[in-house]
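Worksheet: the structure to be examined is printed underneath.
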Amino acid sequence: MAHIPEILSDYVPSFPDELVRFFEQAAAAGMHEPSLRAQHLLRLEDAVRWTQSVRGHPIVDALGGLVLDDIETSNHHFYVGAGPLKGAVFFLCHDGDSRIVYASLSEFLLAAIRAENEGQWLEEQHPPRSPVAADQAGLSKWMRHLLTLDNRDELVPPFVPSLDLSDSLLLRDLAGDEDFFIAESVALEIRARPTLQLTEIAELCAQHRHPQASKAGSMALAAIQALQV
């Protein structure tokens with residue numbers, strides 16, 4: 001087998017030692033053997049092959065993503081190889097919410113082993129909320145860049161759950177964006193993590209011209225108001 005860094009250097013912009021350790025530890029834990037109904041992870045060569053096949057997907061490309069698993073569905077976990085979320089694990093879901101689900105490869109591997117031992121898919125045990133990104137300044141700057149792109153409706157919403165919701169200027173821009181998916185994603189996150197300080201942002205979402213975003217904004221406002229009861 002070729003040396004791991006030689007294989008991955010073309011797929012992950014800045015090759016980290018932690019990715020080498022991940023593949024070694026996954027192999028040692030027997031996580032590469034598929035079973036009838038349980039989580040399993042890809043071998044290195046298969047991870048590279050899968051990554052090649054999904055190149056061109058806007059989120060995968062934006063994250064410098066490397067595919068980590070395949071359970072014969074259209075959903076995959078990706079290692080984030082670039083940007084302010086580098087080192088985290090992103091879940092790409094084609095019929096649900098795509099988001100960062102683990103802050104590190106080590107957390108992902110432990111969760112995958114637990115799911116395999118319990119005969120479950122890992123996505124059934126995802127934490128309910130995304131981990132808040134450590135580099136909030138970098139994430140805010142990056143998301144402002146994403147807002148300038150034509151496909152911002154695909155790129156921005158999955159990363160809103162990684163915000164700590166403290167950048168009011170960014171949140172105001174997101175809530176006021178004409179794309180309802182973006183405004184809705186902010187409202188849904190406020191609903192999940194309501195604070196009185198987010199009232200103005202929730203109001204902006206509730207005033208959105210698209211009913212789907214405004215409905216989510218109203219629910220966010222209700223969650224904030226419930227704090228005062």
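List of remarks:
- Each principal axis of the chain carries a Cα extent, and these read 57, 36, 27 Å when sorted largest first.
- Unit Cα scatterers, Debye sum, the range 136-226: log10 I(q)/I(0) for q = 0.19, 0.24, 0.25 Å⁻¹: -0.74, -1.17, -1.26
- Near the amide H of residue 102, within less than 5 Å, lie the amide hydrogens of 89, all on another chain or at least 5 residues away, with H placed in the peptide plane.
- Relative to one another, the C-alpha centroids of the range 165-229 and the range 65-86 are positioned 29 Å apart.
- Debye, to nearest 20: dipole size of the chain, +1 on Lys, Arg Cβ, -1 on Asp, Glu Cβ: 480
- In order through the range 62-78: 3J(HN,Hα) via Karplus (6.51 cos²θ - 1.76 cosθ + 1.60), integer Hz, x for Gly, Pro: 5, 8, x, x, 10, 5, 10, 8, 8, 10, 6, 10, 8, 9, 9, 9, 10
- Nearest-ten-degree value, helix 180-192 long axis tilted from longest Cα axis of the chain: 90
- 0 to 90° range, to nearest 10: angle between helix 44-54 axis and the chain longest Cα axis: 40
- Residue 120 long-range amide H proximity, modeled H, under 5 Å: 39
- Cα centre as origin, Lys/Arg/Asp/Glu Cβ charges: the range 4-125 dipole, Debye: 200
- Highest-first packing order for the peptide set 173-181, 55-63 is 173-181, 55-63, based on the mean count of other beta carbon atoms within 10 Å.
- Among 23, 90, sorting on how many other beta-carbon atoms sit within 10 Å of each Cβ, with the fewest leading, yields 23, 90.
Read-outs throughout are calculated quantities, based only on the coordinates presented, and are distinct from any laboratory measurement. Nothing here was measured: the structure is a model prediction, and the numbers come from that model. Because the Cβ atoms are built from the backbone with ideal geometry, glycine has one as well, and the counts that use them run over all protein chains shown.
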